[in-house]
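Undergrad: Have a look at the structure that comes next, please.
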Number of protein chains: 2
Amino acid sequence: MITRMSSLFLRTLREDPADAEVPSHRLLVRAGYVRRAAPGGYSWLPLGLRVLRNIERVVREEMDAIGAQEIQFPALLPKEPYEATGRWSEYGDTLFRLKDRKGADYLLGPTHEELFTLTVKGEYSSYKDYPVMLYQVQTKYRDEARPRAGVLRGREFVMKDSYSFDLDDEGLEASYQKHRAAYIKIFDRLGLDYVIVAATSGAMGGSASEEFLAVAESGEDTYVRSTGSDFAANVEAVVTPVPPARPIEGLPEAQVHHTPDTPTIDTLVDFLNGAGLGREFTAADTLKNVLVKTRMPGQKEWTLLAVGVPGDREVDMKRLEASLEPAEVALLEEADFAANPFLVKGYIGPGALQANGVRYLVDPRIVPGTAWVTGADKADHHVVDLVCGRDFTPDGTVEAAEVREGDASPDGAGTLVAARGIEIGHIFQLGRKYADAFELDALGPDSKPVRITMGSYGIGVSRLVAAIAEQHHDELGLVWPRSVSPADVHLVVAGKDDSVFEGGERIAGELSRRGVSVLFDDRKASPGVKFADAELIGVPTIVVVGKGLANGVVEVKDRATGERSEIPVDAVVDHVTGLVHG
Amino acid sequence: MITRMSSLFLRTLREDPADAEVPSHRLLVRAGYVRRAAPGGYSWLPLGLRVLRNIERVVREEMDAIGAQEIQFPALLPKEPYEATGRWSEYGDTLFRLKDRKGADYLLGPTHEELFTLTVKGEYSSYKDYPVMLYQVQTKYRDEARPRAGVLRGREFVMKDSYSFDLDDEGLEASYQKHRAAYIKIFDRLGLDYVIVAATSGAMGGSASEEFLAVAESGEDTYVRSTGSDFAANVEAVVTPVPPARPIEGLPEAQVHHTPDTPTIDTLVDFLNGAGLGREFTAADTLKNVLVKTRMPGQKEWTLLAVGVPGDREVDMKRLEASLEPAEVALLEEADFAANPFLVKGYIGPGALQANGVRYLVDPRIVPGTAWVTGADKADHHVVDLVCGRDFTPDGTVEAAEVREGDASPDGAGTLVAARGIEIGHIFQLGRKYADAFELDALGPDSKPVRITMGSYGIGVSRLVAAIAEQHHDELGLVWPRSVSPADVHLVVAGKDDSVFEGGERIAGELSRRGVSVLFDDRKASPGVKFADAELIGVPTIVVVGKGLANGVVEVKDRATGERSEIPVDAVVDHVTGLVHG
């Protein structure tokens, strides 16, 4: 196939778009791959659509290879199934909702668990029908609060979502592993540098959920990995190692101290160390109690929640939210403090919380037998040697404290370092949540119903265009991996002579006949403009037909390395075909 | 490729679905191609998705062949561009509208003229950039009042829409003809029996708009064709031949008659013929005045409109609506008559209409010099010999009278006969409507702006699945043309012996290696069940590996003709490959 730039619907831009913060966004717009059509909505111009379709093709091939079957659901869906699972309200503002002409409620599908479950229930009834894996490559809609970075986080985007349906846990584990292996193949084929991170807290089981993150500075997801093992996890999924409980006997009594002018942990520690208590205190010896309010989806009323963390760490709201999901979490307002006068700001301690029935969850490090400096529920007063399990008993633990580089890895090997990534895939053992909601059963060999167990697996297909661009570019432009490039070769005619144009035409024609797709710059523009566009567009191999043609040579340039070689014109088609078809 | 029915996500149904009225809907559901997911929203199961994708491929190939370039817009679009063209309100209830989390207005795209125009304006500026043709294959949304017949008229559907952008009318005509030729190729390749009909009234120019209709009893579109020429047109587009005006001098004076008990045209004609007026009257001599009310999009107030047609014809509301587009048309209610006492029901004449300023449009046959029997604006009274151009002067003409079989063809050759069809394509010279709305200009060679002229071209891609099924089925099931069939061959193993299964496996494998896609019925089901499913599913060639295998033969059956032949097992792969690859 030959694509002529003289007629291609493409205009590259010399300037960065004003609203673009990250390299992929900047370059995809400048190189004419995408255009903004709406907040979080992008148009795919011809070259962009080709990259998107190339990625879709790789995804489909690997999904088909594990026996998943492609189907396609509508995006416009009735409310009822999503009400049955509670997601109609759980999704909150992120769900696009609308009414039809009769006033019936609809939504634009953010993911399709409900529809897949109902469809399998509609077709299958016997244990002999299972297992089955189904997928779709589909446009999805989420009303993101902050759509950003072009196609990296849109409100309308292409996603591959698949679902596995199995009779038992072993089957689910097998389907999960098939998807995991397929995802590894897909992301390898797409030339991505990525990590697989644990994505749920330990309470749900180690392998129940993993995310594939493309390593990128511009990524929204922070993850940590161990310096001493393979361990990698989303910050939200890091499980704090729990120290052993300590004996309580023999610990000193709790004592309230007057601690004037100690509004912060630092001033408190300084004060105590100057108070002649015969001990050295650090921030890690203090217990900071942070108040938030929570409510479950669909609820109107908020409930107070106190979170206790060691004073040397902040509360990480994203970790807290992930731990409390699906509950909503908000910070307290002045009115909340006014309504609860027992909350003495800056001096909140377990005593007042528990006396007033406030739910109190603490960091897992706060085990029985540990002694803390904390608020005494009275302005300018703190209590020292308040012992967990003796002087206060939390209602449970919560993963809310920030994770820091240098923390011990949860698997005991090495310490944690932080990095940023773009979520490109997520595999998740759903279990029976949706099967329960819709009573998806198979009739077993003994004629008794068996509740089906499901897995859910997603790939952000349109986001991958941006993720690949984040990893594959330089200061001149994009540098596509062969598997997704909008063309195999960018053929530039550099010169004004008819003979050069004719030479270009001949080479383009021969390459095309050999199954090489050619982006052919046959424009009457200056070589400088053409070279700049070629670097910007990022096809991996650039062939320049120019004044060397008179001497029987053309130039072949590797876009990634910048390496140039002069190739005899008679050999160039073989040479380039070899590069392309390996 | 081999698709095994033992694991295919497919369950055929023996019973017709209760809500299916037309054969395509019945069979696509029974054969497991589609499932209803919402009112007017269908899920594509694996075989259905393949047919859809095959059609998309044919459409893309022919669009690419004429130089159209594929791009893709979001479906979720901001209100503003559609407000600029007036379509935000013109579309009425058919547009799905919604708000995002910030309360901003959005719509789900019904067609994308606005976005294409704005995108070309964003990229192109010089006359040298033109012409350009762009297309997309995209999911579209229309809140149809009556979604029906499965994927034949859905509220979410796949459409190919393309747009041409030219500097002048000749360019537009050339782009239009390229699309027309491409559509002919597409529909021919899809094995469709179709007609191309004129789709707008003559006032807009003969070739400005044509529809491609697949001939089908179940079609919603009625069209007429001439018995004596190539003429074919949508009923809405039939232009009434206008008779010449006649001399007024010498015509008798208009006379009011007391015509008791003549509430209908028939009773009126009978009364007049018995009244001794010395003439024979027919219904065609009477002038029937029908009152409706109209309003433009966005207007709240209705305006009265009187439509005069010869009394032997009814007013065809679809023709009237098409003539008055984009105005809305409604019948009068009792309250309207009460508010306008000059309207004497059953006896409305031009006199009261014109005296009261009611706009009065008449059938084109009502030319100056024609004399009519019509209402005298007084109960039980009619006027005879009311002459157009002497006693009344209409405000204009309107195409509102029904078109009947036997009417003279507008081109003067032959008479009209009626038939029904499914609209599968529409090509339309838009002109400068959208270019004007968005000031889409090219800078000409003289540095003066040239307003671009556009064409709009649509194909109902998902509807085509149903249209093809309407034309290609029999009482046993679907009978796909090769170009769209979900597989090349349906290979049935009929028997229980391992040798038969092994034989089937071997043939399936060899066919697949030869590039033949095989739907392989490897289920442990009875031959009867398998044969019935093969007929229902409708793959064009059915190969049966059964007891003949012991004698070295397999059966090859042509699904369309029912013809069977016994082929030596050694020759069957060559034989079938020949059938498939021609």
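The values are calculated or read from the model by the stated rules, or taken from the named source; none is laboratory data. Since the model is a prediction, treat every value here as computed from it, not as a measurement. Glycine gets a Cβ as well: all are built from the backbone with ideal geometry, and neighbour counts include every protein chain shown. All accessible areas refer to the heavy atoms of the entire protein, side chains included, with ligands and DNA or RNA removed. Shrake-Rupley method; radii C 1.70, N 1.55, O 1.52, S 1.80 Å.
Undergrad: Computed over the Cα atoms of the protein assembly as shown, what is the convex hull's projected area averaged over all directions, in nm²?
TA: Value for the protein assembly as shown: 62.5 nm².
Undergrad: Relative to the longest principal axis of chain B, what angle (0 to 90°, nearest 10) does the C-alpha long axis of helix B:169-189 take?
TA: That helix lies at roughly 50 degrees to the long axis.
Undergrad: So, one more: Order B:Glu236, B:Glu80, most accessible first, counting only protein heavy atoms with a 1.4 angstrom probe.
TA: Ranked from most to least accessible, the order is B:Glu80, B:Glu236.
Undergrad: For helix B:461-471, what angle does its Cα long axis make with the longest principal axis of chain B, in degrees from 0 to 90 and rounded to 10?
TA: 90
Undergrad: Would you check the accessible area of B:Thr264, probe 1.4 Å, heavy atoms only, in square angstrom rounded to 10?
TA: Per-residue accessible area (B:Thr264): approximately 70 Å².
Undergrad: So what is the calculated 222 nm ellipticity per residue for the protein assembly as shown, using -39500 (n - 2.57) for each DSSP H run with n of 4 or more, over all residues, to the nearest 500 deg cm²/dmol?
TA: -8000 deg cm²/dmol
Undergrad: Which residues of region B:1-18 bury at least 30 Å² of accessible area once all protein chains are present, versus their chain alone (1.4 Å probe)?
TA: B:Phe9, B:Arg11
Undergrad: Okay, next question. From the label point of B:Ala355, set 7 Å along Cα to the beta carbon, how far off in nm is each other copy's matching point, shortest first?
TA: The answer, with the shortest distance listed first, is 9.4 nm.
Undergrad: In region A:152-171, what residues drop by 20 Å² or more of accessible area when the other protein chains are put back, versus the chain on its own? Use 1.4 Å, and skip ligands and nucleic acids.
TA: SASA drop of 20 Å² or more in region A:152-171: A:Arg155, A:Glu156.
Undergrad: Still on this structure, I have one more. Considering only the other residues whose Cβ falls under 9 Å of the Cβ of A:Ala418, what net charge follows from Lys and Arg at +1 and Asp and Glu at -1?
TA: Result for the neighbourhood of A:Ala418: +2.
Undergrad: Which residues does the label zone of B:Lys79 cover in region B:98-132, counting backbone N under 19 Å from a point 7 Å along Cα→Cβ?
TA: Counting only backbone N, you get B:98-111, B:114-115.
Undergrad: Report, please, the projected area of region B:255-397 averaged over directions, based on the convex hull of its C-alpha atoms, in nm².
TA: 8.4
Undergrad: Classify region B:487-581 as rounded, prolate or oblate, taking a ≥ b ≥ c as the square roots of the eigenvalues of its Cα gyration tensor: rounded when a/c is under 1.5, otherwise prolate if a/b is larger than b/c and oblate if not.
TA: Details: a/c = 1.34, a/b = 1.07, b/c = 1.24.
Judged from the Cα gyration tensor, region B:487-581 comes out rounded (a/c under 1.5).
Undergrad: What does the C-alpha gyration tensor say about the overall shape of region A:380-460? Classify as rounded when a/c is under 1.5, otherwise prolate if a/b is larger than b/c, or oblate. If you can, show how the numbers build up before the last one.
TA: Details: a/c = 3.29, a/b = 1.71, b/c = 1.93.
Here region A:380-460 falls in the oblate category.
Undergrad: Moving on to the next point. Using a 1.4 angstrom probe with every protein chain in place, what is the largest-first accessible-area order of A:Trp44, A:Trp302?
TA: A:Trp302, A:Trp44
Undergrad: Which is farthest toward the positive dipole end of the protein assembly as shown among A:Ala214, B:Pro252, A:Ile265, measuring Cα position about the Cα centre, with Cβ charges +1 (Lys, Arg) and -1 (Asp, Glu)?
TA: Result: A:Ala214.
Undergrad: In whole percent, and with a 1.4 Å probe on the protein chains, what portion of the accessible area of region A:105-204 is carbon and sulfur?
TA: 50
Undergrad: With every protein chain kept in place and ligands, DNA and RNA left out, what is the accessible area per residue of chain B? Probe 1.4 Å, answer in Å².
TA: Using a 1.4 Å probe on heavy atoms only, each residue of chain B averages 41 Å².
Undergrad: Have a look at chain B and give its Rg and Dmax from the Cα atoms, expressed in angstrom.
TA: Values for chain B (Cα only, Rg and Dmax): 29.8, 98 Å.
Undergrad: Oh, and also: Quick one: which bits of region B:70-88 get at least 10 Å² less accessible when the partner protein chains are in, versus the chain alone, with a 1.4 Å probe?
TA: B:Glu70, B:Ile71, B:Gln72, B:Phe73, B:Pro74, B:Ala75, B:Leu76, B:Pro78
Undergrad: In straight Cα distance, which aspartates and glutamates are under 14 Å from B:Lys496, not counting same-chain residues fewer than 8 positions off?
TA: List returned: B:Glu505, B:Asp521, B:Asp522.
Undergrad: Now for a different question. For A:Glu402, what charge total do you get from the other residues with a beta carbon under 13 Å from its beta carbon, if Lys and Arg give +1 and Asp and Glu give -1?
TA: After counting each charged neighbour, the total is -2.
Undergrad: Just to compare against my own numbers: the Cα pair-distance distribution for region A:98-194, 10 Å bins, whole % per bin, please.
TA: For region A:98-194, the pair-distance distribution reads 12, 30, 34, 19, 5.
Undergrad: Percent of Cα-Cα pairs more than 23 Å apart in region B:1-137, please.
TA: In whole percent, the long-distance tail amounts to 58.
Undergrad: P(r) for region A:256-335: what percent of alpha-carbon pairs falls in each 5 Å bin, starting at zero?
TA: 3, 13, 19, 19, 14, 11, 9, 7, 4, 1, 0
Undergrad: Leaving ligands, DNA and RNA out of it, work out the accessible area of B:Asp64 with a 1.4 Å probe and give it in Å² to the nearest 10.
TA: Spelled out: B:Asp64, probe radius 1.4 Å, area about 90 Å².
Undergrad: Name the trypsin sites (Lys or Arg not before Pro) in region A:30-134 that are in a loop by DSSP and that have at most 10 other C-beta atoms within 10 Å, would you?
TA: Values: sites: A:Arg30, A:Arg35, A:Arg36, A:Arg50, A:Arg53, A:Arg57, A:Arg60, A:Lys79, A:Arg87, A:Arg97, A:Lys99, A:Arg101, A:Lys102, A:Lys121, A:Lys128; in loops: A:Arg101, A:Lys102.
Loop-located and lightly packed - A:Lys102.
Undergrad: Also: I'd like the GluC sites (Glu not before Pro) in region B:327-360 restricted to DSSP loop residues with at most 16 other Cβ atoms within 10 Å, sorted by number.
TA: B:Glu333
Undergrad: Give me the number: length gained by fully extending A:Arg564 to A:Glu123, i.e. 0.36 nm times residue separation minus the C-alpha to C-alpha distance, one decimal in nm.
TA: 152.9 nm
Undergrad: Pairs B:Lys140/B:Lys178; A:Lys530/B:Lys178; A:Lys140/A:Lys433; A:Lys185/B:Lys524; A:Lys102/B:Lys140; A:Lys102/A:Lys300: which exceed 26 Å Cα-Cα?
TA: Pairs exceeding the cut-off: A:Lys530/B:Lys178; A:Lys185/B:Lys524; A:Lys102/A:Lys300.
Undergrad: Place +1 on the Cβ of every Lys and Arg and -1 on the Cβ of every Asp and Glu in the protein assembly as shown, take the dipole about the Cα centre, and give the residue among A:Leu10, B:Val58, B:Ile459 whose Cα lies farthest towards its positive end.
TA: B:Val58
Undergrad: A further question on this structure: Could you name the lysines whose alpha carbon sits less than 16 Å from that of B:Lys288, not counting residues in the same chain fewer than 8 places away?
TA: Within reach: B:Lys345, B:Lys378.
Undergrad: On the Cα set of region A:1-64, report Rg and Dmax in Å, please.
TA: So, for region A:1-64, Rg and Dmax equal 13.7, 42 Å respectively.
Undergrad: Compute the acute angle (0 to 90°) between the alpha-carbon long axis of helix B:572-581 and the principal axis of greatest extent of the alpha-carbon atoms of chain B; round to the nearest 10°.
TA: Here the helix axis deviates by roughly 30 degrees.
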